[in-house]
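Below you'll find the structure, written out as structure tokens, and then a few comments.
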Amino acid sequence: MASPRIIMKLIVADIRPEPGDVQLISLRHPRKSSLPPFDPGSHVDVHLPDRRVRQIRYAAIQLT
């Protein structure tokens with residue numbers, strides 16, 4: 001069963017280039033210590049300054 005749609009305003013904490021045409025973007029919530037769990041195949045709508053919306057794959061990876 002899919003999770004309900006959640007709308008949050010997140011902060012870009014870090015952007016790191018990866019091989020190919022890929023960027024690893026770390027997001028964080030401005031007031032909470034963690035983001036909600038995700039389902040496989042989940043996506044995030046990213047609203048860009050030029051008013052475009054990009055849909056990106058959402059994956060949680062614990063970095064230590």
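The values are calculated or read from the model by the stated rules, or taken from the named source; none is laboratory data. Keep in mind that this is a model prediction, so the values were computed, not measured. We place every Cβ from the backbone using ideal geometry, glycine too, and count neighbours over all the protein chains shown. These accessible areas exclude ligands, DNA and RNA; they are computed on the full protein's heavy atoms, side chains included. Shrake-Rupley method; radii C 1.70, N 1.55, O 1.52, S 1.80 Å.
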Q: Kindly provide the set of residues from region 5-64 that are hydroxyl-bearing (Ser, Thr, Tyr), open to solvent by 100 Å² or more (accessible area, probe 1.4 Å) and modelled with pLDDT of 80 or more, ordered by number.
A: Ser33
Q. Which of the residues belonging to region 4-19 are touching a residue at least 12 places away in the same chain (Cβ under 8 Å) and not in a loop (DSSP other than H, G, I, E, B)?
A. Ile11, Val12, Ala13, Asp14
